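Engineer: I'd like to ask you about the structure that follows.
The values are calculated or read from the model by the stated rules, or taken from the named source; none is laboratory data. Since this is a predicted model, take the numbers as computed values, not measurements. Using ideal geometry, Cβ is built from the backbone for each residue, glycine included, and neighbour counts are taken over all protein chains shown.
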Amino acid sequence: MDAVQIAQQVTSGELDPLEPVRAALERIERFDGDVRAFLRLNPRAEEEALRVKQRLAAGEALPLAGVPVAVKDNLTTRGLATTCASGVLADFVPPYDAAVVERLRAAGAVVVGKTNLDEFAMGSSTEHSHFGPTKNPWDLERVPGGSSGGSAAAVAAGYVPVALGSDTGGSVRQPAAFTGTLGFKPTYGRISRYGLVAFASSLDQVGSFARTTADLACVSRVLMGHDPRDATSLEAPLPRLEPDLGRARGYTLGLVRETLQEGNSPGVVGALERFRRLLEAEGVRFVEVSLPSLRHALAAYYLVATAEASSNLARYDGVHYGTRAGADDVHALMRRTREQGFGPEVKRRILMGTFALSSGYYDAYYGRALKVRRRIAGEFASAFAEVDLLVTPTTPTPAFRLGAKLDDPMEMYLSDVDTVAVNLAGLPALSLPAGFEEGLPIGVQLIAPALAEDRLFDLSELFERLTEGAYLQRAPLD
């Protein structure tokens, strides 16, 4: 069942909260040996479900009562290992929950386990994991996207109705497109980053996956809100997330010219055209807009992100916590710990970021990237003076084969070409399933102005109803 259905039936007493949790665990046991979405399960999941029953009996209102949820393994969970899929944190057990995990549990959700990711969220395929790759439930020879591929696969496979990920340059939206799920990234600061292990602090945001707009809205409503423990958390009124279909029919959508040019597969082009025809028939207006600086977004993103990663990952030195390599002196200790603990993609990004920040190169690389970032944000703002939402492909192609891009980092980075600009500008965006190409899902990306998440949910719900949920299917593992 969907999350909203589970919560309603558990609250009314029609369903025991143990039932959906056990069903999730049984399906994981049945299929995850092939998919490998999870790194570890929560041994206290059934105990937590029993506590939900007790809390309901005591009169608590729990909007996610009994809903089994998966959590990306870069979000801290008290008493349950949080590894970031890295050897350097292979045995780390945090003493506290991330803010979003606290909010899930306060709302009655049950965390059933931690999902796989590219190490420290650095990747686009969930192949850069110390524990091995996750596979796409739609085709076990293909990637689920990344870096939140484990969470996307967990929803696509029907293990759980909703899952949490993190989005630094498309790490929720890109795997959502590859797995036929809804993937939502809020405005920067809407959801607390407290307990999210930092990759690039000015870009990272917690996001979520679901198979229906209603479920996505339900979990987002729980997660949003100011948190004084996060200095970047916004004190802003919460958005209206109940979809308004009448308002959606009056929207003007801007098709971004720079994302519609060469490089998109026939299925992606067809999905966008079908999306447009369906909505135009309902009164939605489409215009073409231009964001000229988008051609520089990928380069700017990989300078900003790697520079911040180089700084954030300096703390993994074998001294304070995490893996510690044996050595005779402190310098050798740090060197061996980092050499043995980090995988090749993390090392590559640390080296890139350290170079971009080094003396004599800062202005030429990192400084220029920040100027491009400001220009991109300005072009988005100008576009939103004319339109309500922007529309792009989420990815230029469906999911690629496992191993196809591992030997070519630049080709892998191009998987994020349609998503990184959103993070540079700090905007909310949503990827919705909009078609298939040779049996593989395709996503369309909606981008809204800052703090206008309600528009995303309006249009997502309208499209879902027009297509009768045809693209919101569970992967056919059965």
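Engineer: Sort through ALA399, ALA434, ALA450, ALA404 and tell me the only one that's out of contact with any Gly (no Cβ under 9 Å at 6 or more places or on another chain) and of a type in the set (A, V, I, L, M).
Structural biologist: One residue alone meets the criteria, ALA404.
Engineer: Continuing with this model, one more query. Restricting attention to the range 41-58, report how many residues are within 14 Å of ALA109 (Cβ to Cβ) and within 26 Å of the chain's Cα centre (by Cα).
Structural biologist: The total comes to 5.
Engineer: Look at the range 412-443 and say how many of its residues are closer than 21 Å to ALA200 by Cβ and surrounded by fewer than 18 Cβ atoms within 10 Å (Cβ to Cβ).
Structural biologist: 1
Engineer: Further question on the same structure: For GLY59, only one of the following conditions fails: (1) closer than 24 Å to GLU127 by Cα; (2) free of Cβ contacts under 8 Å to residues at least 40 places away in the same chain. What is its number?
Structural biologist: Checking GLY59 against (1) closer than 24 Å to GLU127 by Cα; (2) free of Cβ contacts under 8 Å to residues at least 40 places away in the same chain, the one that fails is (1).
Engineer: Condition test on ALA399, is it surrounded by 15 or more Cβ atoms within 10 Å (Cβ to Cβ) and among the aliphatic types (A, V, I, L, M)?
Structural biologist: In short, yes.
Engineer: Restricting attention to the range 20-43, which residues are more than 22 Å from LEU164 (Cβ to Cβ) and either without any contact (Cβ under 8 Å) to a residue 24 or more places away in the chain or surrounded by 18 or more Cβ atoms within 10 Å (Cβ to Cβ) (or both)?
Structural biologist: Hits for the range 20-43 are ARG30, GLY33.
Engineer: Name every residue in the range 247-282 that is in contact (Cβ under 8 Å) with a residue 12 or more places away in the chain, farther than 19 Å from PHE380 by Cα and not hydrophobic (A, V, I, L, M, F, W, C), in order of residue number.
Structural biologist: The answer is ARG247, ARG249, GLY250, GLY263, ASN264, SER265, PRO266, GLY267, GLY270, ARG274, ARG276, GLU282.
Engineer: Right, next: Specify which of the listed residues (ALA377, ALA356, ALA327) is surrounded by 13 or more Cβ atoms within 10 Å (Cβ to Cβ), touching a helix residue (DSSP H, G or I) at 6+ places or on another chain (Cβ under 6 Å) and either on the phi > 0 side of the Ramachandran plot or not in a helix (DSSP H, G or I) (or both).
Structural biologist: Criteria check complete, one pass: ALA327.
Engineer: Looking at the range 107-157 only, could you name the residues that are within 15 Å of the chain's Cα centre (by Cα), among the small types (Gly, Ala, Ser) and in a loop (DSSP other than H, G, I, E, B)?
Structural biologist: Result: GLY123, SER124, SER125, GLY145, GLY146, SER147, SER148.
Engineer: Using the structure shown, decide if PRO161 is surrounded by 24 or more Cβ atoms within 10 Å (Cβ to Cβ) and more than 13 Å from the chain's Cα centre (by Cα). I'd like the intermediate steps shown before the answer.
Structural biologist: Details: surrounded by 24 or more Cβ atoms within 10 Å (Cβ to Cβ): yes; more than 13 Å from the chain's Cα centre (by Cα): yes.
So PRO161 fits the description; yes.
Engineer: For the range 351-372, does any single residue satisfy the condition of being in contact with an Asp or Glu (Cβ under 8 Å, 6 or more places away or on another chain) and at pLDDT 90 or above? Break it down stepwise before answering.
Structural biologist: Filtering the range 351-372 for residues in contact with an Asp or Glu (Cβ under 8 Å, 6 or more places away or on another chain) gives 353.
With at pLDDT 90 or above added as a condition, the list becomes 353.
There is at least one residue in the range 351-372 that is in contact with an Asp or Glu (Cβ under 8 Å, 6 or more places away or on another chain) and at pLDDT 90 or above.
Engineer: Could you tell me which numbered condition GLY469 fails, if it satisfies all but one of (1) at pLDDT below 95; (2) part of a loop (DSSP other than H, G, I, E, B); (3) crowded, with 21+ Cβ neighbours inside 10 Å; (4) not aromatic (Phe, Trp, Tyr)?
Structural biologist: (3)
Engineer: Give the range 100-120 a look and list any residue that's out of contact with any Asp or Glu (no Cβ under 8 Å at 6 or more places or on another chain) and closer than 13 Å to SER166 by Cβ, or say none.
Structural biologist: VAL100, VAL101, PHE120
Engineer: Has the range 78-96 got at least one residue that is of a type in the set (A, V, I, L, M), outside any strand (DSSP E or B), over 21 Å from the mean Cα position of the chain (by Cα) and surrounded by fewer than 19 Cβ atoms within 10 Å (Cβ to Cβ)?
Structural biologist: Yes, because at least one residue in the range 78-96 is of a type in the set (A, V, I, L, M), outside any strand (DSSP E or B), over 21 Å from the mean Cα position of the chain (by Cα) and surrounded by fewer than 19 Cβ atoms within 10 Å (Cβ to Cβ).
Engineer: Restricting attention to the range 258-285, which residues are loosely packed, with under 12 Cβ neighbours inside 10 Å and part of a loop (DSSP other than H, G, I, E, B)?
Structural biologist: GLN261, GLU262, ALA281, GLY283
Engineer: Hey, any hits in the range 362-369 for a residue that's part of a loop (DSSP other than H, G, I, E, B), out of contact with any Cys (no Cβ under 9 Å at 6 or more places or on another chain) and surrounded by fewer than 20 Cβ atoms within 10 Å (Cβ to Cβ)?
Structural biologist: Narrowing the range 362-369 to residues part of a loop (DSSP other than H, G, I, E, B): 362.
With out of contact with any Cys (no Cβ under 9 Å at 6 or more places or on another chain) added as a condition, the list becomes 362.
Add one more test, that the residue is surrounded by fewer than 20 Cβ atoms within 10 Å (Cβ to Cβ), and what stays is 362.
Yes: one or more hits.
Engineer: For the range 230-257, which residues satisfy the criterion of being surrounded by 15 or more Cβ atoms within 10 Å (Cβ to Cβ) and in contact with a His (Cβ under 6 Å, 6 or more places away or on another chain)?
Structural biologist: SER233
Engineer: Right, something else. Kindly list, by first and then second residue, each pair from a residue in the range 414-425 that is in contact (Cβ under 8 Å) with a residue 24 or more places away in the chain and under 17 Å from ASN264 (Cα atoms) to a residue that is in a helix (DSSP H, G or I) and hydrophobic (A, V, I, L, M, F, W, C), limited to pairs with Cβ atoms under 6 Å and residues at least 6 apart or on different chains.
Structural biologist: Sorted first by the residue in the range 414-425, then by its partner, the pairs are VAL417/LEU298; VAL420/ALA297; VAL420/LEU298.
Engineer: Give ALA109, ALA121 a once-over and let me know the one that is in contact with a Cys (Cβ under 8 Å, 6 or more places away or on another chain) and crowded, with 24+ Cβ neighbours inside 10 Å.
Structural biologist: Just a single option satisfies the conditions, and that option is ALA121.
Each row is one residue, and each column tells you yes or no for (1) farther than 15 Å from LEU272 by Cα; (2) in contact with a helix residue (DSSP H, G or I) (Cβ under 7 Å, 6 or more places away or on another chain); (3) not hydroxyl-bearing (Ser, Thr, Tyr).
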position	(1), (2), (3)
ALA429	yes, yes, yes
ALA434	no, yes, yes
GLU437	no, yes, yes
ALA450	yes, no, yes
LEU456	yes, no, yes
GLU461	yes, yes, yes
GLU468	yes, no, yes
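Engineer: Looking at the range 65-77, which of its residues are closer than 24 Å to ARG211 by Cα, in a loop (DSSP other than H, G, I, E, B) and within 20 Å of the chain's Cα centre (by Cα)?
Structural biologist: VAL67, ASP73, ASN74
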